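All remarks here apply to the structure that follows.
The values are calculated or read from the model by the stated rules, or taken from the named source; none is laboratory data. Quick caveat: nothing in here was measured; it's all calculated off a predicted structure. With ideal geometry, Cβ positions are generated from the backbone for all residues, glycine too; neighbour counts draw on all protein chains shown.
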Amino acid sequence: MPKPRYELTAHAAVVIAEREIELAWVDRTFLNPERTEAGRNDPSLRHALRRIAERADRVPRVIYNASVDPPKIVTAYFDRRQRAKP
């Protein structure tokens, strides 16, 4: 059985649904980000960002704990500050 690529925390599952972010967009952003950033306050966290054409090029920010195996997505949201950036 193949190992999962990532896990969602309970918090991430709730906010992804509340924010109407499709899991396919989370998957696409996590697996093939256009850009990644280090967490400012926690070095174990990484931020994956990718424009989603189906949502008028809005950019989900998928934050995950990269220090565990498999990585755990801790939250995700559409980052309004990234909307106009490539």
Looking only at segment 67-83, filter to residues that are of a type outside the set (K, R) and under 12 Å from the mean Cα position of the chain (by Cα); which one of those is nearest to L8 (Cα to Cα)?
I73
Checking the structure you have, find out if any residue of segment 61-70 is assigned to a helix (DSSP H, G or I) and in contact with a strand residue (DSSP E or B) (Cβ under 9 Å, 6 or more places away or on another chain).
no
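In segment 7-21, which residue that is more than 11 Å from the chain's Cα centre (by Cα) and either β-branched (V, I, T) or assigned to a loop (DSSP other than H, G, I, E, B) (or both) is farthest from T75 (Cα to Cα)?
E20
For the subset of segment 43-60 comprising residues that are in a loop (DSSP other than H, G, I, E, B) and aliphatic (A, V, I, L, M), which member is nearest to A10 (Cα to Cα)? Walk me through it before giving the result.
Of segment 43-60, the ones in a loop (DSSP other than H, G, I, E, B) are 43-44, 50-51, 56-57, 59.
Imposing the further condition that a residue be aliphatic (A, V, I, L, M) reduces the set to 56, 59.
Values: A56: 28, V59: 22 Å.
Result: V59.
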All positions within segment 37-78 that are within 18 Å of A24 (Cα to Cα), touching a His at 6+ places or on another chain (Cβ under 9 Å) and not aromatic (F, W, Y)
R61, V62, I63, V74, T75
Return the only residue of R40, R81, R28 being surrounded by fewer than 14 Cβ atoms within 10 Å (Cβ to Cβ), of a type in the set (D, E, K, R) and assigned to a helix (DSSP H, G or I).
R81
Identify, please: which residue in segment 43-78 is of a type outside the set (F, W, Y) and in contact (Cβ under 8 Å) with a residue 40 or more places away in the chain and is, among those, surrounded by the fewest Cβ atoms within 10 Å (Cβ to Cβ)?
P70
Sole residue being of a type in the set (K, R) and more than 14 Å from the chain's Cα centre (by Cα), chosen from R51, R55:
R55
A56 fails exactly one of the following numbered conditions: (1) at pLDDT 95 or above; (2) of a type outside the set (F, W, Y); (3) at positive phi. What is the number of that condition?
(1)
Consider only pairs whose beta carbons are under 8 Å apart and that are at least six residues apart or on different chains; among these, list those whose first residue lies in segment 9-25 and is surrounded by 14 or more Cβ atoms within 10 Å (Cβ to Cβ) and whose second residue is of a type in the set (F, W, Y).
V15/Y77; I21/Y77; I21/F78
